[in-house]
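Just so it is clear, none of the values below were taken in a lab; they were calculated from the coordinates. This structure is a prediction, so every number in the text was calculated from the model and none was measured. Cβ: placed from backbone, ideal geometry, glycine included. Neighbour counts: every protein chain shown.
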Amino acid sequence: MKLDSKIAAVVTGGASGLGAATARRLASRGVKVAIFDFNDKAGTAIATELGGVFCKVDVTSDEQVDAAFAKSRAAIGQERILVNCAGIGDAFKTASRDKKTGEIHSYPLDKFARTIQINLIGTFRCIAKSAAGMLTLQPLADGDRGAIVNTASVAAQDGQIGQAAYSASKGGIVGMTLPIARDLMGEGIRVNTIMPGLFNTPLLQGLPDNVKASLAASVPFPKRLGEPDEYAHTVEFLVTCGYMNGESIRVDGAIRMAPR
């Protein structure tokens, strides 16, 4: 798929971090971009900066996702690119003992379910609705009708202590990538997933400098945090390389996460 002004893209979680970097990179190639996010202020600012459209949306709501796609398609046209970056992270042990009181706790199931609802089901909801829209398009010269890129995590393969829900949600994204690609293969829609490692996003930027330095030192090479535009560069590769389909790739400086 050639990136130019004839192409429209939707980026969920596009108001910050990996999503914002992806939106900026796609826009720099001429692509018309819609930002899907829950953060009104940041989402509107980035959409204005890029000459795109902002759609406030909670990816756990069918109605809000439908309304967001309707708004974006009215503004910039039917998207050929969907990049799913919306997600959250929680950390609770499956079962644990309070060191002071000795009281025993188990993982709060409402928090487990919320992580699955946002990260996994929210991703699938956006995929299914975007793919249905892509089916209305004519294939491009290379046969592509559309390209979908999802965001998992290295936690899908080596989750740390307290990451049961997060790893399950991200592992689910990896697990559904190939079957979704197979579902859509007859329609010219490609589906791939990125598993990022330690990236310099707002989540990590708030950590003390010594903690960030320690995290950077744990990366085999290069010994630094990943930059959001490196994630965005990977998105661009997956969208433009027509032979990439049904794949989940790590972008992580060769790190393998320790238990904690």
Neighbour net charge for Ser153 - beta-carbon separation under 11 angstrom, K R +1, D E -1: 0
How large is the charge dipole for the chain, taken about the Cα centre, if only the Cβ atoms of Lys, Arg (+1) and Asp, Glu (-1) carry charge, to the nearest 20 debye? 340 debye
DSSP beta bridges in the stretch 137-253: the antiparallel percent, rounded to 5, is 0 percent
Within the under-13-Å Cβ sphere about Leu225, not counting Leu225, Lys/Arg +1 and Asp/Glu -1 give a net charge of -2
Taking 93-106, 198-211 and ranking on average Cβ neighbours within 10 Å, highest first, one gets 198-211, 93-106
Rounded to a whole number of µm²/s, how large is the Stokes-Einstein D of the stretch 171-260 at 37 °C and 0.692 mPa s, given Rh as the Kirkwood radius over C-alpha pairs? 224 µm²/s
Ellipsoid equivalent to the stretch 8-251 - semi-axes via the Cα gyration tensor, in Å: 31, 20, 18
May I ask for the net charge around Leu50, where only other residues with Cβ less than 11 Å from the Cβ of Leu50 are counted and Lys, Arg are +1 while Asp, Glu are -1? +2
Which semi-axes, in whole Å and largest first, does the equivalent ellipsoid of the stretch 45-145 have when worked out from the alpha carbon gyration tensor as the square roots of 5 times its eigenvalues? 39, 15, 12
Pop out the ³J(HN,Hα) list for the stretch 132-139 in order, Karplus 6.51 cos²θ - 1.76 cosθ + 1.60 with θ = phi - 60°, rounded to Hz; leave Gly and Pro as x. 4, x, 4, 5, 7, 8, 7, x
Reachable aspartates and glutamates from Lys56, Cα under 15 Å, same-chain residues fewer than 8 places away excluded? Asp37, Asp40, Asp66
Percent RCO, i.e. relative contact order, over the chain, from Cα pairs under 8 Å lying at least 6 residues apart: 20 percent
C-alpha center-to-center spacing [the stretch 148-215, the stretch 43-61] in angstrom: 22 Å
How big is the antiparallel share of DSSP beta bridges in the chain, given as a percent to the nearest 5? 10 percent
